[in-house]
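The values are calculated or read from the model by the stated rules, or taken from the named source; none is laboratory data. Since we're looking at a predicted model, the values are computed, not measured. Quick reminder, even Gly has a Cβ in these numbers, built from the backbone with ideal geometry, and neighbours come from all protein chains shown. Remember, those area values only see protein heavy atoms, side chains included, never the ligands or the DNA or RNA. Shrake-Rupley method; radii C 1.70, N 1.55, O 1.52, S 1.80 Å.
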Amino acid sequence: MGSTKHPWRRFGAPLAFLVGTLPMGSFARAQDEAPTTASPSAEAPAAERPDALQPAPPPVEETITHCGNKDVGPLEGQLQPLGHGFYADGTRVRRGCTLLLQRPLKDRPAIPFAPDSFKPLGCGFFRYATSIYWHKPLAAGDTDEEPGGERGEVLTRLDLADAETFEVGETCRPRDARFFYLNHTDRPALPDFIAVPRDEGAGYEELGCGFVRYAGRVFFGTRSLDGVHAPSFTSVQGRLPAAECGEGMYGKDRAHVWWQHEQLRGASAKVFRVPREDNPDLRVGCSGKRSFVLAEAQKKPHPVCRGAKKPAKVKLVKKNK
């Protein structure tokens, strides 16, 4: 079966830099209100010009005429266009020729989206029931295989987004009534999207290393942490900007530890730490002498988790007078 790629045009470098220093209310509002055709000053550096803060033009949505032995058209058994490059294939939804799957529940297989609750918003975003999704797969390995050998993409859900007011502007800038969402998918260690409050009273608390607390829940970027005790949650490295945390995006509550949005089974919150010496990109986390590299538990302790060897005791020999 064929497939159609739909690249996402990412925000410019100045916006990517903001992941470590998120703008608050008034600056975020200024971004929203800034004209898209501002005339840059000849003397101003590129990063300081108003037009440098504008996202790239929206991507051209590609269309298809068929997938395998199915044509696109209004007849029964054909792929029905839903708009923005999405198609209904009976009771399932595709982007181009690729089957789209919902993020699976715990220990359950991924399932397709149903066309009845599906509303494309442009730029790869769509509303599904009371949730907002984006076409970017969670990771290269997050796929599900059907009996016929067909592959599907498991999509990212923006758990923090307010589906009722979520919209995508002409320049592919996502936002809702409470937040702007800055895209950082070109840096895999960081959250796909960072939320920036549109006003000062959003009740949004940055916890460090990409974690935030909002409305009694904890999120890594816009992804919710399941089963977390929100009041006790902290970033293991403290309230560092995400850009200074390397890949060690570890957080913990009173009992459990997470890397990004994934809970680390067997890690003790009481003793979990991220050594800063001899730990490139801060990838390794230690639970006592047990070690984790990102979300994976290691069979053997990593050297940075073993600790320094205690010096051998020196026996004092008494000399006879």
> Taking Gly221, is it surrounded by fewer than 18 Cβ atoms within 10 Å (Cβ to Cβ), in contact (Cβ under 8 Å) with a residue 12 or more places away in the chain and either hydroxyl-bearing (Ser, Thr, Tyr) or closer than 21 Å to Ala161 by Cα (or both)?
Replying inline: no
>> Condition (residue is open to solvent by less than 10 Å² (accessible area, probe 1.4 Å), assigned to a loop (DSSP other than H, G, I, E, B), assigned by the TED database to the domain that holds Ala242 and in contact with a Ser or Thr (Cβ under 7 Å, 6 or more places away or on another chain)) applied to the range 147-165: is it met by at least one residue?
In response: no
>> On the basis of being open to solvent by 50 Å² or more (accessible area, probe 1.4 Å), in contact with a Phe, Trp or Tyr (Cβ under 9 Å, 6 or more places away or on another chain) and over 15 Å from Leu158 (Cβ atoms), does Ala202 make the cut?
In response: no
> What tally of residues in the range 182-200 results from selecting those that are free of Cβ contacts under 8 Å to residues at least 40 places away in the same chain and not hydrophobic (A, V, I, L, M, F, W, C)?
Replying inline: 1
>> Quick check on the range 289-308: of everything there that is open to solvent by less than 80 Å² (accessible area, probe 1.4 Å), of a type outside the set (A, V, I, L, M) and closer than 16 Å to Gly251 by Cα, which residue is nearest to the chain's Cα centre (by Cα)?
In response: Phe292
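Only one of Ala140, Ala161, Ala129, Ala189 is small (Gly, Ala, Ser) and modelled with pLDDT of 95 or more; which?
Result of the check over Ala140, Ala161, Ala129, Ala189: Ala161.
State whether the residues of the range 274-292 include one that is under 22 Å from Asp159 (Cβ atoms) and touching a Lys or Arg at 6+ places or on another chain (Cβ under 6 Å).
Of the residues in the range 274-292, the ones under 22 Å from Asp159 (Cβ atoms) are none.
Within the range 274-292, none of the residues are under 22 Å from Asp159 (Cβ atoms) and touching a Lys or Arg at 6+ places or on another chain (Cβ under 6 Å).
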